[in-house]
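Right, one structure below, let's go through it.
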Amino acid sequence: MTALLIDTAPTAVPSAVPFGTELDRYEFTADEIVVHEPARRSTIGAVIPAYNEAGTIKAVLKGLLRQTRLPDVVHVVVNNTSDRTFAKASKLAGEHRVVRRGVEQTTRVYVHDLGALADKKVGALNYGFRLVRGADYFLGVDGDTVLAKDAVERLEAEMSSDPRIGGISAIYTVDNVTPRGPLRRFLLTGQRAQFAAFNMQNLLRGRNMAVLGGQASLFRMSALEAVMLAHHQRDPWVSDSEVEDSLLSLQIKSLGYSTKISATARATVGGMTTLRALDGQQVKWNYGAIDLMWPGQRGDTRGQPFHPNLRLRWMENVGMLVNATTRILFGLLLAGALSIHAFEFSPIWLVPPVVAMALNVRIAASMRDRTWRDVLFAATLVPAELYMWIRVGHFVRAWSKFLSRSRTDNWAAQAKAERGSGWAYLSPLVVALVGLAAVAWMWTTLPLDARSVVLAVGWPVLGVVTVVQTLFMLRRLVRRHHGLRA
């Protein structure tokens, strides 16, 4: 509310008032003191890009239709789909009227099938943007994301409370389902832990969100228009980036807007249930992030390595490199020491895994809808360690593709992986086995004195790196969460 305050004190008449002029009265009513702005309800246009989402699209639409604050319009943009997504979404097309808190709300659901779309999800988002242009806010929701019933209301309240916010993302977690098979349960639990750690990092950084993910984010329409104008783009999202949401977030931030993660709005997304599909998704994400971080990759989406939105990306990559290095080095030194009967156990080496386990448990405890599987995953350490090795494989694959200047279509690669095709996800394992065999052969060719020197140098180096790594984990472990929930 904007208020105009009028001074009511009976002070002397200013010199600008002609002599002899008298005020009619000195007291004013409350309505005269405070001038209220006319109330205006903002408009929200929701867009759901849908690619083979027959199994989830009805749940996504029903989640939007049960919101305490309905979007004013919902457009489902089906693209490149071979299943019954369009048919299932069409059952909910049309006008919907509901009463929330005694007030009638109306929305209309439209379903569009664009067929084969070259720009895939990016093209669907931009098509939807043109359909809702003129609304105050653009709500992007993935075709497998179900919003909590008050998510839209909370996102709008936070956005409207601060005109500096250009976009705000919901707190999202992987769907808490119980799929068949231990591998699927393991992968979903690992993704829940990964998302929780990512969310908590952003929540504790002043709720600054480096990536306004497509899962569930609300954008200020004027911010999207400003991005198009400033970067000479026909549409907000561009198709020549592997991570269109990261690039758009970076562009919004560059224009002086803030990009935030909501403190309370929540959404549930579908997870990857196979190693192949998880690899396709994570490699695409990592490759796109590297492409943004590295300077001079493309003339139109040049890398900006020192941009504030990319600091967390650099930290993630450096952290992954350190995690991989310490684990590989420890394994090699341990095997080398055992081979010459020179290993001596020291209890101090138990400190890093214990701290890591405690940190994992604290992250699990911060999850709002945690389950016993989430806690067990963290407390037993072994599942979390196995999932870390899987993530190391994604990290290595992404950097290998980038450094080899491979220009494969990672969108198509992810789609292929989700269909159950391709074996590229096994390449890190093959390379690791070949590398270990080569190291083992080289070790056997070294004389005993040389092996002793390697161990004498390697253990102290590993010790220093591990101490620094443990201190960083301790810092995260003791940091206050201020009641925030991931």
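Just so it is clear, none of the values below were taken in a lab; they were calculated from the coordinates. The model shown is predicted, which means the values in this text are computed figures rather than measured ones. Note that we place each Cβ from the backbone using ideal geometry, even for glycine, and neighbour counts take in every protein chain shown.
Looking at the range 311-417, which trypsin sites (Lys or Arg not before Pro) are DSSP coil and have at most 15 other C-beta atoms within 10 Å of their C-beta?
Details: sites: Arg311, Arg313, Arg327, Arg362, Arg368, Arg370, Arg373, Arg391, Arg397, Lys401, Arg405, Arg407, Lys416; in loops: Arg368, Arg370, Arg405, Arg407.
Hits after loop and neighbour filter: Arg368, Arg405, Arg407.
Beta bridges per DSSP, both residues in the chain: antiparallel share near 45 percent.
Listed options for semi-axes √(5λ) of the Cα gyration tensor in Å are (1) 34, 27, 22; (2) 49, 30, 22; (3) 38, 28, 23. The value calculated from this structure is the one marked (2).
For Val434 and Val468, what does the FRET efficiency come to when R0 = 25 Å and r is the distance between their Cβ atoms, rounded to the nearest 0.05?
Details: r = 30 Å, r/R0 = 1.21.
So the FRET efficiency works out to roughly 0.25.
Each stretch of four or more DSSP H residues adds -39500 (n - 2.57); spread over every residue of the chain, this sum gives -16000 deg cm²/dmol at 222 nm.
Extension gain for Trp443 to Val457 (0.36 nm times residue separation, less C-alpha to C-alpha distance): 3.5 nm.
Extension gain, Leu204 to Ser42: 0.36 nm times the residue separation minus the Cα-Cα distance gives 55.4 nm. For Lys91, the lysines whose Cα comes closer than 28 Å to its Cα, not counting residues fewer than 8 places off in the same chain, are Lys58, Lys62, Lys120, Lys121, Lys149.
Here the dipole of the chain is about 1500 debye; that uses its Cα centre as origin and unit charges on the Cβ of Lys and Arg (positive) and Asp and Glu (negative).
Counting other Cβ atoms within 10 Å as a rough exposure proxy, the listed residues Thr85, Thr444 run Thr444, Thr85 from fewest neighbours to most. For the pair Gln233 and Val98, the difference between a 0.36 nm per residue extended length and the Cα-Cα distance amounts to 44.8 nm.
Are there trypsin sites (Lys or Arg not before Pro) in the range 72-154 that DSSP puts in a loop and that have at most 16 other Cβ atoms within 10 Å, and which ones? Walk me through the numbers before you get to the answer.
Numbers: sites: Arg84, Lys88, Lys91, Arg97, Arg100, Arg101, Arg108, Lys120, Lys121, Arg130, Arg133, Lys149, Arg154; in loops: Arg84, Lys91, Arg101, Lys149.
For trypsin sites (Lys or Arg not before Pro) across the range 72-154 that sit outside H, G, I, E and B with at most 16 neighbouring Cβ atoms in 10 Å, the list reads Arg84, Lys91, Arg101, Lys149.
Pick out, in residue order, every one of the chymotrypsin sites (Phe, Trp or Tyr not before Pro) in the range 305-346 that is DSSP loop and has at most 11 other C-beta atoms within 10 Å; say none if there are none. Answer by residue number: Phe306, Phe345.
Two tests apply to each whole DSSP H helix in the chain, Cα reach of 20 Å or more along its axis and mean Kyte-Doolittle hydropathy of at least -0.5, and the ones passing both are 182-203, 275-293, 311-339, 351-366, 382-403, 427-445, 448-478.
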